[in-house]
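In what follows, a single structure is set out as structure tokens and then discussed.
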Amino acid sequence: DAGVTQSPTHLIKTRGQQVTLRCSPKSGHDTVSWYQQALGQGPQFIFQYYEEEERQRGNFPDRFSGHQFPNYSSELNVNALLLGDSALYLCASSLKGPTYEQYFGPGTRLTVT
Amino acid sequence: DAKTTQPPSMDCAEGRAANLPCNHSTISGNEYVYWYRQIHSQGPQYIIHGLKNNETNEMASLIITEDRKSSTLILPHATLRDTAVYYCIVRDRPQNTGFQKLVFGTGTRLLVSP
């Protein structure tokens, strides 16, 4: 049973460019959350998708957007990249519900130069 | 903001028990305490969670005080592979929606030495 997978593993972009990160949830999971982790910090919640709709959003600008597909996979898009967007981007999947734990993928390391 | 307070770092000898404390004095009655760990440059790994009773699984034990204002994660026989950042999280969930997000603090960096 494959866990959460993310692609690509690493990515280097230039300021002002746009980037798309991809996530496939753990088999059987229907909810996908995205987190940003800057160096030396804990992960920060970006947003969460369920039934192809954004259900919760953290304190991130509109440059950060997402999508969930019918097969539950998800994309994170970041426009107009800033140097401060350099971070590890983590995807987590879970079942919708109050007590289900979230399973994290290995992350995508984004470097903005 | 994170609702938990943890020491920034701890050391433990291999084979000994590692006891990681967490304060969550503002926890509300229906909030769970979750523990995750993150080994360098990997995604966080779920360890255990609890509401009010002590919990144990194959990885660890979770002891929650009777007033629920603090908890302790216990790794009974720490190994070198347990070296990681450990996050204690009070799960923040909007009422009645069933959706949950995790609010991470900076965690405790546990170093297990030979």
(message) Given the condition touching a residue at least 60 places away in the same chain (Cβ under 8 Å), crowded, with 19+ Cβ neighbours inside 10 Å and either within 12 Å of the chain's Cα centre (by Cα) or within 20 Å of B:Trp35 (Cα to Cα) (or both), answer yes or no: does some residue in the stretch A:71-88 qualify?
(response) yes
(message) Residues that are more than 10 Å from chain A (Cβ to nearest Cβ) and closer than 18 Å to A:Gln44 by Cβ: does the stretch B:33-51 have at least one?
(response) yes
(message) Can you list residue pairs whose Cβ atoms sit under 9 Å apart, with the first residue in the stretch A:89-108 being more than 7 Å from chain B (Cβ to nearest Cβ) and within 16 Å of B:Ser41 (Cβ to Cβ) and the second being among the aromatic types (Phe, Trp, Tyr) and not in a loop (DSSP other than H, G, I, E, B)? Count only pairs 6 or more apart in sequence or on different chains.
(response) A:Tyr89/A:Trp34; A:Tyr89/A:Tyr35; A:Cys91/A:Trp34; A:Cys91/A:Tyr35; A:Cys91/A:Phe104; A:Thr108/A:Tyr89
(request) Go through B:Val85, B:Val103 for me and flag whichever is over 11 Å from the mean Cα position of the chain (by Cα), crowded, with 18+ Cβ neighbours inside 10 Å and within 23 Å of A:Ser33 (Cα to Cα). (result) B:Val103
(request) Working only within the stretch B:43-63, note down all residues that are modelled with pLDDT of 90 or more, closer than 25 Å to A:Tyr35 by Cβ and of a type outside the set (Gly, Ala, Ser). (result) B:Pro44, B:Gln45, B:Tyr46, B:Ile47, B:Ile48, B:His49, B:Glu55, B:Asn57, B:Met59, B:Leu62
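From the list B:Gly50, B:Gly43, pick out the single residue that is small (Gly, Ala, Ser), buried (at least 16 other Cβ atoms within 10 Å of the Cβ) and without any contact (Cβ under 8 Å) to a residue 12 or more places away in the chain.
B:Gly43
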(request) For residues that are of a type outside the set (Val, Ile, Thr) and at the interface with chain B (Cβ under 10 Å from one of its Cβ atoms), scanning just the stretch A:25-42, find the one that is farthest from A:Thr111 (Cα to Cα). (result) A:Ser33
(message) One residue is enough: does the stretch A:24-46 have a residue meeting the conditions more than 28 Å from B:Asn30 (Cβ to Cβ), modelled with pLDDT of 95 or more and either touching a Cys at 6+ places or on another chain (Cβ under 9 Å) or among the β-branched types (Val, Ile, Thr) (or both)?
(response) yes
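The values are calculated or read from the model by the stated rules, or taken from the named source; none is laboratory data. What you see is a predicted model, and the numbers here were worked out from it, not measured in a lab. When we count neighbours, we look across all protein chains shown, and the Cβ atoms used for this are built from the backbone with ideal geometry, even at glycine.
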